[in-house]
1. Computed FRET efficiency, Cβ-Cβ of Ala129 and Ala84, R0 35 Å: what is it to the nearest 0.05?
2. Stretched out fully, how many nm does the piece from Leu34 to Asn75 gain, at 0.36 nm a residue minus the Cα gap?
3. Can you give me the long-range amide H partners of Tyr62? Hydrogens built in the peptide plane at 1.01 Å from N, cutoff under 5 Å, separation of 5 or more residues or another chain.
4. Please determine, in degrees from 0 to 90 and to the nearest 10, the orientation of helix 6-15 with respect to the longest principal axis defined by the Cα atoms of the chain, where the helix direction is its Cα long axis.
5. Pull up the DSSP beta bridges for the chain and report the antiparallel fraction as a percent, rounded to 5.
6. Measure nothing fancy, just the Cα-based angle from helix 36-46's long axis to the longest principal axis of the chain, in degrees from 0 to 90, nearest 10.
7. What is the Å³ per residue value for the convex hull set by the Cα atoms of the chain?
8. Most fluctuating residue of Asn59, Asn75, Asn111 in a GNM of the chain with Cα springs under 10 Å: which is it?
Amino acid sequence: MADFNLGAVVEQTLLARFDLAMLGLYAGWSQNGLGIQAAAQALKTIKPSILVGNYSILNEAYYNTYPDGRTTKLNAANWWLRDAAGNMVQWSSAYGAWDINISTWAAPDANGQRYPQWAADWFDSQYFAGSSVFDFWYFAM
């Protein structure tokens, strides 16, 4: 806990009062050099019985703001949702995320996966693989 700033310690202590905490962390998230696994473990250190999960969004992603492996794949597979003119679309421009074509009309990649299948594997590798820290995953649209 000494590596977290005071604000993070206060937030973790408040979250640890509950029996369940759902985080909204994203690939590459860190605070003071500590990543996703460390943040979840900090809650379990305070309260070992707490159930910790993460919230992931399936149908939208940042295009240029936070480029990561998912953005690279979305570009390579052309899985962005587009209008009739071929322009990328977004339901809200308020925070810069763009919509993803999650339908079966999108072409599969070289492995035969469409975005939802690929994304489940990718998110798993980013947050959960090899970890017993997270107890659940909320994958929403």
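We did not get these values from a lab; they are worked out from the coordinates using the rules stated. Bear in mind that the values here come from a model prediction, so they are computed numbers and not experimental data. Virtual Cβ from ideal backbone geometry, glycine too; neighbours counted across all protein chains shown.
1. Plugging the Cβ-Cβ distance into 1/(1 + (r/R0)^6) gives 0.35.
2. In short, 11.9 nm is gained.
3. Trp98
4. The helix 6-15 is inclined about 90 degrees to the chain.
5. If I count the DSSP bridges inside the chain, around 40 percent turn out antiparallel.
6. Value to nearest ten degrees: 30.
7. Cα-based convex hull of the chain, divided per residue, equals 128 Å³.
8. Taking springs between Cα atoms under 10 Å, the residue moving most is Asn111.
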